[in-house]
């Protein structure tokens, strides 16, 4: 079932992807395959259409999200990210510290501080994503140090994005 | 606008849209590109969703049934939608209401059961009566009625959706698609306003359900971004709030929460009066509630302020769902281009001001909030039945996460909420004991961490796993959700490559056997036995498949190699022969055979459509070609031939 989301949607194996193009491609393919088009068709076509439509939806989900896109790229390059991949101690310390400061800001209802923290993490995220983007710039998969750095960057992203979620979750 | 409708025997059956609502139901169709609702003889489009079972066995649906509610409260089922897909001991059955609930016997499916005059009926059967009445209405107007799109609340879970499909089956209605109500409303609005672009929220508060859907409309594509709601929250709860005050003041306060201790007649009378009061307070600042009791009438004045205070908690529950839906869609209320109000309960002034509070703008009510859903369903039916040139297409999502129960009762989410449908995802499992040949999966739906806190959907038992040491079997279980939002589960054992049989036991639903039995019992099928009906169904299916395949071969036989073509031709001939011989089991076998033989063709046609779409070619041309051959013609022809073979 795990197919190549890049192949499914017809995009090169790069990190940088134009969001509008991606959405348009998803829409175009979905229109061609949507079950609504095959309501009256033979069961074999309905089945094939729905399988491919589901695959297109899944591919879109995986390419739209930067983390998942990076994970797919790394997997193809031979460095799949493990579920339990742990960050370097420095990163862990940094994240713990950020969390503490976020808790403080939240308990003091200091929205300005919360937003400042959030924005600084957003900047770090952009930096990590740049590392990944540079590693996967061409059709040639990265190796050696470049690949390692990309791997580290993705692990970092995992922690930073989680922090961002916490920073953004205001009520509820 | 036609003044005279002349019956054209060659006309294709008209596809219809059905809004099976909690309080009222409607049926609509598209004429001259515009959707319209079917009216009754009083020019009313609404059919009250009330079903009354008489002691002589007759069943009444609609306004007449509603009139019987107070005198025959136990046998008149109001708002049956609130019980669809629910188990016999669901909390809904304990809310204020006059019914006689019958618990399932051991071995019986766990569904709500109403005791009426010694009979027992399930919500599926009650809903089927409403659907039959709607179909009749449509037939009176349109002569021939085709397949239908039936709407369901976006927040309906798998059991509730399946129940709706079962009801349609009992009513003899062919379902093209289950369509989510907010999406239907968006379709009606989108087409009403011409091809607009933008992001809209649909706030749909009906008699028993609340849905909030955020969707984008762009170039004829309706894409749902997120959906949320509460399938047990609606106008009825406002009625109950008022009713409880009345009962308290009648001296029945301590028993108001336990309806079984109040005479059902009184409960129904109070609820009816409460609803009337709610309606009156829409336009007036105060209203008098009158409950007829044998002897003195109970009268009580309610001011708008008091009413607002009573129903505010009900309305505020919609706020949480709204904020979460906005968050899930990653959008701010300010960025919306409009908020569409759907459902009768949105007429309540407090609801409208609440919408203003949450979304910062007035809700749109251009299209009658009672009719808009049925109209949208008719539009979709028209599109799906292939009679329309409109290429509007709907991309919807799953409203609730689907997961399985793992060790310790924790849920592992397989398909998270707001995943676009159709969706498919696989999960790997293995055995935990040596030579284990069976495996049970408990599927739940919902957002909570613990399986027990979520809605149990079904238990799937996988059998036929090869006896290997523990951990040796590689089971791949795939969850698929189709365009109706319904889940199917398949499993493969990877070391042997065998597809495992999955037996599904729905937690809150009827089994196929139950529905078969009900079909047998119903008057619709009193003539002919189950085998006859099955034969006709199979012939229709076979004819339909033959037409579709012949057309596909005529267009694209070149995509197959010689051997494949020969196989397909052989399978076509074999099926045709079985149909001619009217041999039921052989037909079924040959249908499967032809299906297999045409799979390569289907795959290559699909690949071509994909390649064209990638190139940005006008995909609609290809789709049109494909549809041309497989339109309603094949279907009606098949039906006609099957019937002809019968008589």
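Pick from B:201, B:185: which is in a helix (DSSP H, G or I), closer than 21 Å to residue B:321 by Cβ and outside the structural domain of residue B:533 (by TED's automatic domain parsing)?
After applying the criteria, what remains is B:185.
Exactly one of (1) outside any helix (DSSP H, G or I); (2) surrounded by 19 or more Cβ atoms within 10 Å (Cβ to Cβ) is unmet by residue B:383. Its number?
(1)
For residue B:457, indicate whether it is more than 14 Å from chain A (Cβ to nearest Cβ) and assigned to a strand (DSSP E or B).
When the stated conditions are applied, residue B:457 passes them.
Within region B:33-44, is even one residue buried (at least 18 other Cβ atoms within 10 Å of the Cβ) and under 20 Å from residue B:162 (Cα atoms)?
The answer is no, given that none of the residues of region B:33-44 is buried (at least 18 other Cβ atoms within 10 Å of the Cβ) and under 20 Å from residue B:162 (Cα atoms).
Please find, among A:31, A:27, the residue that is assigned to a helix (DSSP H, G or I), more than 30 Å from residue A:155 (Cβ to Cβ), in contact with a helix residue (DSSP H, G or I) (Cβ under 8 Å, 6 or more places away or on another chain) and outside the structural domain of residue A:153 (by TED's automatic domain parsing).
A:31 is the lone residue from the list that is assigned to a helix (DSSP H, G or I), more than 30 Å from residue A:155 (Cβ to Cβ), in contact with a helix residue (DSSP H, G or I) (Cβ under 8 Å, 6 or more places away or on another chain) and outside the structural domain of residue A:153 (by TED's automatic domain parsing).
Can you spot a residue in region A:13-29 that is modelled with pLDDT of 90 or more, within 30 Å of residue B:175 (Cα to Cα) and facing chain B (nearest Cβ under 7 Å)?
yes
Tally time: how many residues in region B:538-574 are within 14 Å of another protein chain (Cβ to nearest Cβ) and assigned to a helix (DSSP H, G or I)?
Looking only at that region, the number is 24.
Condition test on residue B:483, is it within 14 Å of another protein chain (Cβ to nearest Cβ) and outside any strand (DSSP E or B)?
The answer is yes for residue B:483.
If we scan region B:360-379, do we find a residue that is out of contact with any strand residue (DSSP E or B) (no Cβ under 8 Å at 6 or more places or on another chain), free of Cβ contacts under 8 Å to residues at least 40 places away in the same chain, part of a helix (DSSP H, G or I) and more than 14 Å from every other protein chain (Cβ to nearest Cβ)?
No.
From B:62, B:87, grab the single residue that is more than 16 Å from residue B:128 (Cβ to Cβ) and either touching a residue at least 12 places away in the same chain (Cβ under 8 Å) or in contact with a strand residue (DSSP E or B) (Cβ under 9 Å, 6 or more places away or on another chain) (or both).
Matching residue, one of B:62, B:87: B:87.
Which is at pLDDT 85 or above and part of a strand (DSSP E or B), of B:447, B:412?
B:412
Let's see how each residue does on (1) within 12 Å of another protein chain (Cβ to nearest Cβ); (2) closer than 24 Å to residue B:226 by Cβ:
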| position | (1), (2) |
| --- | --- |
| A:42 | yes, no |
| A:61 | yes, yes |
| A:68 | no, yes |
| A:71 | no, yes |
| A:82 | no, no |
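I'd like the full set of residues that are assigned to a loop (DSSP other than H, G, I, E, B) and either crowded, with 19+ Cβ neighbours inside 10 Å or at positive phi (or both), limited to region B:415-444.
B:417, B:418, B:419, B:421, B:422, B:431, B:435
Please enumerate the residues belonging to region B:188-221 that are modelled with pLDDT under 90 and within 17 Å of residue A:34 (Cβ to Cβ).
Hits for region B:188-221 are B:190, B:217, B:218, B:219, B:220, B:221.
The values are calculated or read from the model by the stated rules, or taken from the named source; none is laboratory data. A quick note: this is a predicted structure, and the numbers were derived from the prediction, not measured. All Cβ positions, glycine included, derive from the backbone under ideal geometry; neighbour counts span all protein chains shown.
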